[in-house]
1. Name the residue that is farthest from residue B:28 (Cα to Cα), counting only residues in segment B:160-188 that are hydroxyl-bearing (Ser, Thr, Tyr) and assigned to a helix (DSSP H, G or I).
2. Take the residues in segment A:178-196 that are away from every other protein chain (no Cβ under 14 Å) and buried (at least 24 other Cβ atoms within 10 Å of the Cβ), then tell me which one is nearest to residue A:246 (Cα to Cα).
3. So residue A:114 passes all but one of these: (1) more than 17 Å from the chain's Cα centre (by Cα); (2) more than 9 Å from chain B (Cβ to nearest Cβ); (3) modelled with pLDDT of 90 or more. Which condition number does it fail?
4. Looking only at residues in segment B:11-44 that are aromatic (Phe, Trp, Tyr) and out of contact with any helix residue (DSSP H, G or I) (no Cβ under 6 Å at 6 or more places or on another chain), which one is farthest from the other protein chains (Cβ to nearest Cβ)?
5. Considering every residue within segment B:189-205, establish whether at least one is of a type in the set (Asp, Glu) and assigned to a helix (DSSP H, G or I).
6. Can you tell me which condition residue B:134 does not meet? The list is (1) touching a residue at least 12 places away in the same chain (Cβ under 8 Å); (2) out of contact with any Phe, Trp or Tyr (no Cβ under 6 Å at 6 or more places or on another chain), and all the others hold.
7. Kindly indicate which of A:196, A:203 is farther than 30 Å from residue A:115 by Cβ and modelled with pLDDT under 95.
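The values are calculated or read from the model by the stated rules, or taken from the named source; none is laboratory data. This is a predicted model, so every value here is computed, not measured. Backbone-built Cβ (ideal geometry, glycine too); neighbour counts: all protein chains shown.
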Amino acid sequence: MNDIAKYSKLAVCIMLFALFIAFPCNAHSKDKILIGTAIALSGPFSGGAGMTQVPNFDMWVEEVNARGGIKVKEYGKRLPIEYIKYDTKSDIGTAVKLVQKLILEDKVDFLLPPWGTGTCLAVAPIFNKYKYPLIGPTVTSEKLREKAHAFPYLFIMLQMPRAQGAAIVELFKELGIKRVALIHTAAAYGIEHTNVIKPALGVAGINVDILKSFPIGTPDLTPLLKKIKAARVDALLGFTYPPDTFLITQQAKIVGLNPKVFYLSVGVAFPSYKGKFGAAMVEGVMGPGVWNPNVPHPGAREYFARHVKRWKKEPDRWASAFAYAGLQTLEQAIETAGTLDREKIRDVLATGTFPTVVGPVKFDGMFNVQSPGEVGQWQNGEFEVVAAKEKRTAKPIVPKPPWP
Amino acid sequence: MHSFRVTSNKKALFLALLIVILIFAATMPLYIQPYIIISLTSIFMYIVLTVSWAIFSAPTRYISLASASFFGTGIYVWAILGSALPLPIVVGIGGLVSSLLALLTGLLTLRLRGLYFIIFTFGFSEFVRHSSQWWEINISGTEGRWVVGVDHTIIYYAMLILAFLTLITAYAIRRSRFGLALQSIGQFEEAAAHAGINVTAMKIMTFAISAFFMGAAGAIMATRWSYIDPSIAFSPLISFMPVLMAIFGGIGQLYGHILGAGVLTILAEVLLTEFPYYYMLLFGLILLAVILFLPHGLVGLMEKWWKGGLAGKHANT
């Protein structure tokens, strides 16, 4: 084997590498709107993403394309959506990279939000840098308030811990709750809510007898639940993620923990929560949210029916509707701006009011001020709005009925 | 394992080639699309992780699954100091802090062998992750931190330089008496000890050197992630990927580590974006195939090709 052959092989390798690097990107003509998303299709976040966001994204794209697309005045016609969906594997590093790929390589016109507070916070600077509006339905973070000025392209659909906390404290006062056990998942969601609500409870004269955090996906919480049972508190207040929400519900029944108010967080509003345990067992369980087809906002009932028809399952009673409302908001902002210029669309988003299935969405700073309700309670198989008081679709049932 | 001696003529050619590659890499951001620069940065990151992992684990045959703890330490160094000090200094500190951590754990663990060592290092990674989570929640009162971001071109250059330094170090160690001593530890530790090698000191020192580069890589990558929390910073994936990449490329050769890191990073991304629903399945199948059919990794395959085609593969054995 002579050297010339060896080096020619080497040259082949180098050329192949160069080809890979210089791979040309696709040119886009404007006969469609390219929309991309990097979202958890696998891993621990995929349960939540697959419940609240992915089905709504898919359904919305289908609906818009069935209408012929989004009307853009600048082009004098409706532009259909072409949709790219990547899997973040529930890994934030991957999410960041894929968002960069969507922006820089796929050159999408708009991005749909990833799932969860942490991931949204991680990609927010990139959205911002390249001027892509991020209308997040599953972000709740008070920390964002101080950062709001730095993220003009970030818009948050969901209730913030402050609003959520105020509603909970108000409801607890009304129900005569004196002593609570506050537990939370060791994730941004649980920590931020605890930080806001614990002092608010103190101000209202409600005592936090037990305060405890646990890592997401803890396999057994019975020791903690037994301790709470022994403390005979009036309310269990849990800022939890879906795996914990399901686990605590199951184990509370086993250890016989049944306080007057039983409140857990992400997951309670899922139809699969009712589906797994049955309407009788979840009767009286409270959770954040809330949205149901009976809220007095135009399109709510129709959205619910379309979702059931398309996916053969109900949307969850919280963030699903917000995810869909976020998409409605984006669509209206594009049509109002009459252009695909994202800077102009951002200005429309920042100032406009957008009728959606959760009511008229309006952003104050980056935060949507509209919500159809803050606290929900399962009653007869529907997640009814019980707080705030003026938004009620039903009266709260307290004390919670015993476990069946 | 080299089948031919490197003559001075070839050495010169090799050097020239290296310089060409370096110049090419250094000028790349001028004419290449930004996303490819970002992808190359990931490849460089995995090259740093794989090569630095192999500095310790390949010759000594102590499989370490602690990479995530060193990488994550670097990330947190940036998160804490990134806004106060310039990038190269923070990266250096990130490396040093990780080294220090490796020294401490090395003192505790490097008397363990085989499976015990593997399990301990993995447990150590998880321990670091959970303790920092506990710290963040109970002491800092938060979970994640915003970190100061840096332009992707700067991240590219920083990672390129670090990758280069890692390669030089790895090469120098392999070629030195130090490297020989490490190999003798891997082959027969008692014999090495009896030959007068201070095996514990050697192992700890090498472990710390390897951790330095991982920590530095973490400090650089933190600038790209802009938001971190303990589960991002200490992701167990970072512990496993270097092992997989080294095996994939070929654990015996330095260029095997580079090849493994490069090919596997590209492969993972292509699979992830083209087949989002079958990503894990395909990735696993490919890894399985390589381990079953290419015991010497990609390098083994390439060497056969190099030496005269795959058809005559029985001639050489």
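1. If we take residues in segment B:160-188 being hydroxyl-bearing (Ser, Thr, Tyr) and assigned to a helix (DSSP H, G or I), then B:184 is farthest from residue B:28 (Cα to Cα).
2. Step by step, filter segment A:178-196, then rank; the result is A:181.
3. (1)
4. Among residues in segment B:11-44 that are aromatic (Phe, Trp, Tyr) and out of contact with any helix residue (DSSP H, G or I) (no Cβ under 6 Å at 6 or more places or on another chain), the one farthest from the other protein chains (Cβ to nearest Cβ) is B:14.
5. Yes, that holds for at least one residue.
6. (1)
7. Sole residue among the options that is farther than 30 Å from residue A:115 by Cβ and modelled with pLDDT under 95: A:203.
This table checks each residue for (1) farther than 20 Å from residue B:236 by Cβ; (2) more than 12 Å from every other protein chain (Cβ to nearest Cβ).
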site	(1), (2)
B:46	no, no
B:79	no, yes
B:96	yes, yes
B:102	no, yes
B:107	yes, yes
B:140	yes, no
B:144	no, no
B:149	yes, no
B:152	yes, no
